Amino acid sequence: MNPIDELRATVRGQVLLPGDPGFDAARRPWNLAVEQPVAAVVEAADADDVAGLVRFARSAGLGVATQPNGHGATGRTDGTILLRTRRLDSVEIDPVARRARVGAGVSSGRLQAAAAEHGLTGLPGSSPVVSVAGVALGGGLSWFGRAHGWVADSVAALDIVDAEGHRRHVTAATDPELCWALRGGGGEYAVVTALELALRPAPRLFGGRMLWTAEHAPAVLDAYRRVTATAPDELTVWFDLLHFPGAEPMVAVDVTHLGDQDRARHLLAPLDALPAPLSDSRRVMSVAELGTITAEPTEPGPGRSRGELLTELDDTAGKSLLAEPIAPLLSVQLRHLGGAFARPSDSPHGPLTQPYALYLFGIPTDPDTARAVTARQRALVDALPVTGRKPLTFLNPEETAADAFAPEALDRLRDAKRRHDPGNTFRGNFPVLP
């Protein structure tokens with residue numbers, strides 16, 4: 001039996017090789033600007049398929065790169081089999097224990113819909129189509145992180161396949177070092193097939209977007225700074241500069257409040273004192289509707305991003321942010337952090353003490369535009385008080401794990417990688433080993 005026949009005999013899910021119909025589509029990541037070379041693509045039918053694949057890859061001298069859909073892909077996939085986990089899609093909610101068990105392919109939106117039926121919530125980000133597992137393995141910045149910390153902090157247990165192809169259930173009690181590494185240190189220590197997470201009460205939620213023309217950006221930013229200066233942990237407010245193709249520049253504020261509408265409107269009073277917005281979608285909503293606030297794309301496309309952490313948002317930083325139009329960028333976003341983010345966290349990222357996160361995004365439609373997008377991102381960042389460190393999920397393909405973790409945490413992650421995957425079978429987007 002040749003190796004490929006052996007692979008097809010090992011797993012029940014689909015196996016695609018270069019030249020097979022559908023191979024090129026199957027290997028593409030979410031970000032279509034990233035080229036992702038792989039030796040094969042396997043869509044696992046279940047956790048046993050994953051275990052068989054890992055044993056095969058190890059014996060064949062190949063790596064395994066795991067992706068539900070490829071958010072965060074960097075193209076560091078030479079010599080790997082790309083593992084798709086979309087079919088690992090079970091969702092179980094225990095409303096009494098306030099806990100969810102989700103397969104590695106489950107999207108944030110699916111978890112939110114299931115939790116909402118019980119008046120509960122996970123810790124979702126802005127997009128409902130990213131996988132819960134991918135976000136948690138990278139740390140995870142959530143709409144509700146100011147109230148409840150990193151997404152990784154909510155992970156209670158993980159079902160994994162280790163480097164020897166064995167299925168295991170790991171917790172902080174059974175495997176403290178491996179559990180610590182997986183809760184925010186990336187996915188290159190094991191393949192996670194399912195995870196258990198704490199859910200939070202969410203009996204009331206107020207949220208939405210206010211949108212103005214760009215001429216109001218200085219006043220909106222001033223109001224945003226006043227709101228965030230005194231915001232309680234249950235209130236999260238993001239500031240967005242937007243310039244979509246064919247449209248005039250705009251400025252927006254996105255908000256969620258884990259509480260009643262009257263309290264939210266009182267806290268947001270400086271925004272309501274501004275000139276009437278073009279639109280205001282703020283309303284009482286379900287936690288299953290969070291993806292409607294920013295309405296991010298739900299289909300793959302090309303993009304070039306850059307993330308940073310700001311040490312402050314004073315007058316000088318505000319003027320630098322608004323000094324010039326953001327074009328050719330589509331968006332420049334400020335996320336208010338603080339709250340539980342800044343409290344102790346037993347995760348590789350540790351406490352996130354910077355008050356704001358910055359995220360810059362553009363579409364590289366051609367090489368000249370790609371260079372212009374990168375240059376505009378660099379110019380903006382150079383004018384702002386950034387730390388140089390950023391969350392793992394904010395890294396772009398040109399960056400490394402050293403840009404996300406403090407040296408002590410990176411050394412500890414490297415030790416975990418050497419101990420749990422000495423043959424480097426598991427390949428993450430941002431390898432911890434040089």
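The values are calculated or read from the model by the stated rules, or taken from the named source; none is laboratory data. Please read these numbers as outputs of a predicted model, since none were measured by experiment. Don't worry about glycine lacking a Cβ; one is built from the backbone with ideal geometry, like all the others, and counts go over all protein chains shown.
When each of Asp233, Asp222 is tested for being more than 23 Å from Pro391 (Cα to Cα), touching a Gly at 6+ places or on another chain (Cβ under 9 Å), at pLDDT 95 or above and not assigned by TED's automatic domain parsing to the domain that holds Gly105, the lone residue that passes is Asp222.
Are any residues in the stretch 271-295 within 18 Å of the chain's Cα centre (by Cα) and assigned to a loop (DSSP other than H, G, I, E, B), and if so, which ones? Residues satisfying the conditions are Leu290, Ala295. Phe244 falls short on exactly one of the conditions (1) in contact (Cβ under 8 Å) with a residue 40 or more places away in the chain; (2) assigned to a loop (DSSP other than H, G, I, E, B); (3) over 23 Å from the mean Cα position of the chain (by Cα), and that condition is (3).
Results for (1) touching a Leu at 6+ places or on another chain (Cβ under 8 Å); (2) of a type in the set (Lys, Arg), shown as yes or no for each residue.
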| residue | (1), (2) |
| --- | --- |
| Leu358 | yes, no |
| Arg371 | no, yes |
| Val386 | yes, no |
| Ala402 | yes, no |
| Asp415 | no, no |
| Pro431 | no, no |
| Pro434 | no, no |
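Of the strands (runs of 3 or more DSSP E) lying entirely inside the stretch 87-174, those carrying at least 1 residues that are in contact with a Gly (Cβ under 9 Å, 6 or more places away or on another chain) and either acidic (Asp, Glu) or touching a residue at least 12 places away in the same chain (Cβ under 8 Å) (or both) are 91-94, 99-103, 155-161.
Quick one: would you say Ser286 is of a type in the set (S, T, N, Q), in contact with a helix residue (DSSP H, G or I) (Cβ under 7 Å, 6 or more places away or on another chain), more than 20 Å from Ala401 (Cα to Cα) and touching a residue at least 24 places away in the same chain (Cβ under 8 Å)?
yes
Within the stretch 315-343, residues that are under 13 Å from Thr228 (Cβ atoms) and in the same structural domain as His148 (by TED's automatic domain parsing) have Cβ atoms under 9 Å from residues that are assigned to a helix (DSSP H, G or I) and modelled with pLDDT under 95 in no pair, counting only partners at least 6 apart in sequence or on another chain. In the stretch 411-434, the residues that are assigned by TED's automatic domain parsing to the domain that holds Gly70 form no Cβ pair under 9 Å with any partner that is crowded, with 21+ Cβ neighbours inside 10 Å and aliphatic (A, V, I, L, M), whether six or more places apart or across chains. Among what's in the stretch 282-302 and is touching a Leu at 6+ places or on another chain (Cβ under 8 Å) and among the small types (Gly, Ala, Ser), pick the residue that is surrounded by the most Cβ atoms within 10 Å (Cβ to Cβ). The extreme case among them is Ser286. Within the stretch 331-384, the residues that satisfy the criterion of being closer than 17 Å to Ser320 by Cβ and in a helix (DSSP H, G or I) are Ala375, Arg376, Gln377, Arg378, Ala379, Leu380, Val381, Asp382. Entry remark, the stretch 304-333: residues being under 14 Å from Tyr356 (Cβ atoms) and in contact with a Leu (Cβ under 6 Å, 6 or more places away or on another chain) number 6 in total. Of all residues in the stretch 81-102, those satisfying the criterion of being out of contact with any helix residue (DSSP H, G or I) (no Cβ under 8 Å at 6 or more places or on another chain) and closer than 17 Å to Val192 by Cβ are Arg86, Arg87, Ser90, Glu92, Arg99, Arg101. A count restricted to the stretch 101-143 and to residues that are among the small types (Gly, Ala, Ser), more than 18 Å from Pro29 (Cα to Cα) and either in contact with an Asp or Glu (Cβ under 7 Å, 6 or more places away or on another chain) or assigned by TED's automatic domain parsing to the domain that holds Ala357 (or both) stands at 2.
Quick one: is Lys390 buried (at least 20 other Cβ atoms within 10 Å of the Cβ), in contact (Cβ under 8 Å) with a residue 12 or more places away in the chain, not small (Gly, Ala, Ser) and not in a helix (DSSP H, G or I)? Yes; evaluated as a whole, the condition is true for this residue.
Every listed requirement among (1) more than 19 Å from Ile293 (Cβ to Cβ); (2) part of a helix (DSSP H, G or I) is met by Arg263 save one, (1).
What is the residue count in the stretch 191-238 for residues that are of a type in the set (Val, Ile, Thr) and surrounded by fewer than 17 Cβ atoms within 10 Å (Cβ to Cβ)? Of the residues in the stretch 191-238, 2 are of a type in the set (Val, Ile, Thr) and surrounded by fewer than 17 Cβ atoms within 10 Å (Cβ to Cβ). Val251 fulfils the conditions (1) more than 30 Å from Leu83 (Cβ to Cβ); (2) outside the structural domain of Lys319 (by TED's automatic domain parsing) except for a single criterion, (2).
Take the stretch 247-260 and flag every residue that is of a type in the set (Gly, Ala, Ser) and either assigned to a helix (DSSP H, G or I) or touching a Leu at 6+ places or on another chain (Cβ under 6 Å) (or both). Ala252 - this is the single residue of the stretch 247-260 that is of a type in the set (Gly, Ala, Ser) and either assigned to a helix (DSSP H, G or I) or touching a Leu at 6+ places or on another chain (Cβ under 6 Å) (or both). The single condition among (1) modelled with pLDDT under 95; (2) over 21 Å from Ser126 (Cα atoms); (3) within 27 Å of the chain's Cα centre (by Cα) that Thr193 does not meet is (1). On inspection, Gly362 does not qualify as of a type outside the set (Asp, Glu), modelled with pLDDT under 95 and not assigned by TED's automatic domain parsing to the domain that holds Leu137.
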